[in-house]
Amino acid sequence: MLANYVPVFVMLPLDVVSVDNTLKKPEELRKRLKHLRNANVDGVMVDVWWGIVEGKGPKLYDWSAYKDLFRMVQEEGLKLQAIMSFHNCVEGTVNIPMPPWILEVGKSNPDIYYTNRRGTRNQEYLTIGVDNQPVFQERTAVEVYRDFMKSFRENMANFLDAGVITDVEVGLGPSGELRYPSYPEAQGWAFPGIGEFQCYDKYMKGEFKEAATVAGHPEWDLPDDAGEYNSSPKSTKFFAAKGTYLMNSGKFFLTWYSNKLIMHGDQILDAANKAFLGCKVKIVAKATGIHWWYKDDSHAAELTAGYYNLNDRDGYRPIARMLARHDAILNFTCAEMINSEQIKMAMSGAEELVQQVFSAAWREGIEVACENALSRYDRRGYNQILRNSRPQGIDRSGKPQRRVFAMTYLRLSDELLKMVNFRIFRTFVRRMHADQDYCPDPWKYYKPITAMQRSKAATPMDKILEATEPTPPYSFDPETDTSVGGAYAEIIDTLFGLFD
């Protein structure tokens, strides 16, 4: 039965380490960690902010606050998922920018940022175009990320050696996700807008023109007919029926755009592999669930984000094939989403998207982890996560056909700790553990974490693109066989809520 056990992690607040590099409200945090441990939660996830640690200058790293945090997590008997957060964060009252010395480079060279067709810059994450440009004190972006991860490994060796840190998620884009920042709310995007392509900085423009010329079409240019952030597919020439995306020029652009994303992830994960070589830790890459317009033929919102996914082209299995060379885990969001909860005009296919992405990863022989994209505390959402985490349910005779490597819950908050909400959450954790007691040892539930070995040889792009051939996804049971309860339980929740 232990083979059915799925560990549960909980994301810590975004600013658990404040922008001035101090551990925020440590006494209160310790109480909350104890609360999680008493609920049999396996561990926590934390953003390790580049803008905080290397904020004082190039290669001037200050890990002191994170060491205090990791020590506290260890003392409370929890495991740790650490995110190398190379993006900025503007959410609610939290504002954590990229390092000031990076922003200084951006003042004289704004093309280090992603840029849309109108020239609007996005400071969430550095453009892929500077991955190999030595514009940061004679270092490239990839070298900057590499040096940060090497310093993390050196300074957190005790926690790595002790097995406290089990996963290192490598930030590969905005919100840490392998994607383009195609739907920035700060620039006016609102759900379910299709978003915009983000490749109009001078570096990306130059690379595209060179690629088009080599392909024998110097006249091809970046799209100018793909609409704006809040367009619908049919209102644009690019995504409309028989639109540009189906023409040779459109296919060439989309292949180039999505391939750049894959190569970006591959380069940085290779640097991560070298940094953590020999450590008993798993490398993780996160992709996000662009579920709106999934049921439109154009899949427009996925395409602007860099996922070249169509009804007759798998846009996710090539990413999984790239990850396989690094033995990396694919962490995917929106595990809680249900199609019927979305507005009809969005043409959402969250359930089918999760099924497709999980299947793509499993077919490429890599592990899948999952998260909920939005905070929710209801039994219906938990049941959906349970269903996706063990798609064919529990196998009482041994290892289930398929299950996720781990589930990370968004996020630790006052709302989660309310009596009724936390009571349901405890039940959810128990169900994720297949109704078994807490198990601290991954070897016992057949998910051993062994010393990291060197990545395999680079996979040629033509080999990666063979994975675009669509394949039917694996079957998922309609409902979970480990429900946290339904309508009757919700009535009891309501009664309990009167005393909360």
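Every number in this text was worked out from the coordinates using simple rules, so none of it is lab data. Here the structure is a predicted model, which means the values were calculated and not measured. A quick note on method: Cβ atoms are made from the backbone with ideal geometry, for glycine too, and the neighbour counts reach across all protein chains shown.
Couple of notes before you dig in:
- If only residues of segment 361-378 that are without any contact (Cβ under 8 Å) to a residue 60 or more places away in the chain and either under 18 Å from residue 194 (Cα atoms) or among the hydrophobic types (A, V, I, L, M, F, W, C) (or both) are counted, the one that is surrounded by the most Cβ atoms within 10 Å (Cβ to Cβ) is 361.
- Any hit, segment 7-25, residues being among the aromatic types (Phe, Trp, Tyr), in contact with an Asp or Glu (Cβ under 7 Å, 6 or more places away or on another chain) and surrounded by 23 or more Cβ atoms within 10 Å (Cβ to Cβ): yes
- Evaluation of residue 341 against (1) crowded, with 19+ Cβ neighbours inside 10 Å; (2) free of Cβ contacts under 8 Å to residues at least 12 places away in the same chain (one fails), failing number: (1)
- Considering segment 274-304, and only residues there that are under 27 Å from residue 347 (Cβ atoms) and aromatic (Phe, Trp, Tyr), the residue that is surrounded by the fewest Cβ atoms within 10 Å (Cβ to Cβ) turns out to be 294.
- Counting only residues that are of a type outside the set (A, V, I, L, M), free of Cβ contacts under 8 Å to residues at least 60 places away in the same chain and crowded, with 23+ Cβ neighbours inside 10 Å, segment 31-81 holds 1 of them.
- Test: residue 429 is surrounded by fewer than 19 Cβ atoms within 10 Å (Cβ to Cβ), in contact (Cβ under 8 Å) with a residue 40 or more places away in the chain and either within 24 Å of residue 167 (Cβ to Cβ) or in contact with a helix residue (DSSP H, G or I) (Cβ under 8 Å, 6 or more places away or on another chain) (or both): no
- The residues of segment 233-253 that are surrounded by 15 or more Cβ atoms within 10 Å (Cβ to Cβ), aliphatic (A, V, I, L, M) and either part of a loop (DSSP other than H, G, I, E, B) or in contact with a helix residue (DSSP H, G or I) (Cβ under 6 Å, 6 or more places away or on another chain) (or both) amount to a single one, 240.
- Inside segment 114-147, residues that are aromatic (Phe, Trp, Tyr), crowded, with 22+ Cβ neighbours inside 10 Å and touching a residue at least 60 places away in the same chain (Cβ under 8 Å) make up a count of 2.
- Filtered residue count, segment 266-283, keeping only those that are among the β-branched types (Val, Ile, Thr) and farther than 16 Å from residue 453 by Cβ: 1
- Among the numbered conditions (1) of a type in the set (Ser, Thr, Tyr); (2) more than 28 Å from residue 270 (Cα to Cα); (3) surrounded by fewer than 17 Cβ atoms within 10 Å (Cβ to Cβ), the only one that residue 445 does not meet is (3).
- Any hit, segment 20-30, residues being at positive phi and in contact (Cβ under 8 Å) with a residue 40 or more places away in the chain: yes
- Matching residues, segment 433-464, being touching a residue at least 24 places away in the same chain (Cβ under 8 Å), closer than 18 Å to residue 367 by Cα and not in a helix (DSSP H, G or I): 433, 446, 447, 449, 450, 451, 452, 453, 454, 455, 456
- Scanning segment 61-87 for residues that are closer than 19 Å to residue 281 by Cβ and of a type in the set (Gly, Ala, Ser) turns up 77, 82, 85.
- Hits in segment 371-399 - residues which are among the polar types (S, T, N, Q) and not in a loop (DSSP other than H, G, I, E, B): 383, 384, 388, 389
- Yes/no for residue 84 being aliphatic (A, V, I, L, M), in a loop (DSSP other than H, G, I, E, B) and surrounded by 21 or more Cβ atoms within 10 Å (Cβ to Cβ): no
- Residue match in segment 204-212 (condition: in a loop (DSSP other than H, G, I, E, B) and either under 26 Å from residue 141 (Cβ atoms) or not hydroxyl-bearing (Ser, Thr, Tyr) (or both)): no
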